[in-house]
Amino acid sequence: MKNKFRNGQIVEGVITGVQPYGAFVSLSEDVSGLIHISEISDDYVRDINYYVRQGEKIIVKIIDTSDGNQHLRLSLKALNYSSRKQRINEEYKRPLVPKSNLGFSTLEQVLPTWVKGRKDAMIKVDLSHALLEGNVLDYQEEVNRIHAMIHGKTGKGSDYLGWVDWAETFDKDEFNRIKASAKKIREQADVLLVCGIGGSYLGARAAIEMIQGTYYNDDLEVIYVGNTFSSTSIVRILDYIKDKDVACNVISKSGTTTETSLAFRLIRQFMEEKYGDQSVDRIYVTTDKETGLLKPFADKKGYETFVIPDDIGGRFSVITPVGLLPIAAAGIDIDEMMNGIKKATADFNNPNLEENPAYVYAVVRRMMEKQGKDVEMFVSYEPHLLFLAEWWKQLFGESEGKEEKGLLPASVNFSTDLHSMGQFVQDGKKILFETVVLVDEPMEDMNVPSDKDDLDELNYLEGKSLHWINEQAFKGTLEAHEVTGNVPNVLLHIPKADAYNFGYTVMFFFKALAMSVYMLDVNPFDQPGVEVYKKNMFRLLGKK
Ligand code: PA5
């Protein structure tokens, strides 16, 4: 057979075996070669396992074809592949796979079970593209210690761990009252104004958008207010609702947040003008059970109130009335959401890293930091996950961005942002890793139609589903970023964007967050930094 490869050619292959003297690479079904250890790097290679691993896709240069298709000589160092050198981290130098398994096992066999996923797991963490330089299981002891700390409520900020057993402790009467109010809102209003900011709004928006998707056709429209000082935004909303029937759910734990209070004043006055005394019946207040301005205000006016528990902070409050009332009003089944929360609570009450994907994700975040990463980029391929990303950024940013520590949480939505941020991810400074959140089952799908003239030259996609095309975009990007760009990718698979999986997903992130931030020895539950701007702003506004 004629040799289809030539000297000097740069090709992609898969590493099929790693031996102390070199790595075997398959280039196609019938062509393979060897990267001898001397061809790995210009640096001294003490252990080849710091550079390559079995199962990995790799780009190599062919340097000698004279021994035929089964014995090509390949080189990594000839590519001057400097990014690969960055995979060696002096402080955390460890082989990419355990030594005992060298050459005898497939990658799948040597990686722990969560890579493939427990059969019953709702969220699967796939680390096979994470370019990890260490072993997750090495952190088991630290995870055991912190798990005991979370569940024993003995760590920093442990007064705010009410979410850990919320699935059991939530007030069932209040839950029923939420469902009744949600039904009433749907009957009385065309528009529900959800008035809140930060933790008092992002969770509800993340849920409603994730579960219903964009351009969802419902009788009730949800509009989010009280999350900005933008005069344009506030005035436009007031104008938009003037001829509509509205209800308002004002949400503020402190009851004193200026963005929220200011918007609520304008809305309240608009509603009082429109409905007179009947406006009382259309305003729902979610706040602290006694402290702050909002509770006495609501009692005086006679508004229906719901309680934000003392031991659950804003960014964890989507599972409380803060999230539940707007989510239920939007027509989403909050019983199902609570079922997902309950299942996740049980699944993640387990320190064993081989069985707890939330803790695996937590540990991997810290390992990424040790591998020199400063930024975690939440990647999704569905526009209806945009606000899940916003919610996630608050959860992680506000919880761990303290004492000059922590990963900066950023987000992108692909393929849209591949046409903008994609350039930096591919070729920019190697400061980030990607956490790709994939929903396996799309809400909607359709096939590409045929076109008899094919002027757009898209007939090659005829009959293919849009979701399949999106999946190929993901796969191509994964390869580009991981293999060519040397950017680690952690994949999180969520089976479906429904109420149950939303509940399950938020508990996954809560548990991962607590573990990950405690690993930094930081209090995950306070946010002292956000007070600084307020102090300055109040001075400028002339607040006494
Ligand atoms: O997570 C947090 O604590 C913050 O984002 C708050 O939720 C946000 O500042 C709103 O606060 P409040 O509910 O007191 O109005």
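Points to keep in mind about this one:
- Volume in Å³ per residue [convex hull over Cα atoms, computed for the chain]: 186 Å³
- Residue-by-residue Karplus 3J(HN,Hα) for segment 511-521, coefficients 6.51, -1.76, 1.60, Hz, glycine and proline x: 5, 4, 4, 4, 4, 5, 6, 4, 4, 8, 6
- Restricting the calculation to Cα atoms, every distinct pair contributes to the Kirkwood radius of segment 166-332, found to be 15.7 Å.
- Among the listed pairs Lys301/Lys543; Lys77/Lys475; Lys253/Lys289, those whose Cα-Cα separation exceeds 20 Å are Lys301/Lys543; Lys77/Lys475.
- For the chain, the dipole from Cβ point charges (+1 on Lys and Arg, -1 on Asp and Glu) about the Cα centre works out to 1440 debye, to the nearest 20.
- Beta bridge orientation in the chain: antiparallel %, DSSP, nearest 5: 35 percent
- Sulfur and carbon atoms: percent of accessible area, segment 166-332 [1.4 Å]: 48 percent
- Span from the segment 397-469 Cα centroid across to the segment 240-286 one, whole angstrom: 38 Å
- DSSP-assigned coil residues among GluC sites (Glu not before Pro) in segment 422-458, each with at most 11 further Cβ atoms within 10 Å: Glu444, Glu457
- Cut-off under 5 Å, modelled amide H: who pairs with Gly428 long-range: none
- On the principal axes of its alpha-carbon atoms, segment 336-473 has extents of 61, 41, 26 Å, going from largest to smallest.
- Accessible surface calculations at 1.4 Å, restricted to protein heavy atoms, place the chain at 46 Å² per residue.
- Across the chain, the relative contact order, built from alpha-carbon pairs under 8 Å that are at least six residues apart, equals 17 percent.
- With K and R counted +1 and D and E -1, the other residues having a Cβ less than 14 Å from that of Phe509 yield a net charge of -1.
- Taking other residues whose beta carbon is less than 10 angstrom from the beta carbon of Val363, and scoring Lys, Arg as +1 and Asp, Glu as -1, yields 0.
- To the nearest ten degrees, helix 140-152 and the longest principal axis of the Cα atoms of the chain are 10 degrees apart.
- Where the Cα pairs of segment 247-320 fall when distances are cut into 10 Å bins, in %: 20, 53, 23, 3
- Share of carbon and sulfur in the accessible area of segment 425-506 stands at 53%, probe radius 1.4 Å.
The values are calculated or read from the model by the stated rules, or taken from the named source; none is laboratory data. What you see is a predicted model; the values in this text were computed from it and never measured. Because the Cβ atoms are built from the backbone with ideal geometry, glycine has one as well, and the counts that use them run over all protein chains shown. All accessible areas refer to the heavy atoms of the entire protein, side chains included, with ligands and DNA or RNA removed. Shrake-Rupley method; radii C 1.70, N 1.55, O 1.52, S 1.80 Å.
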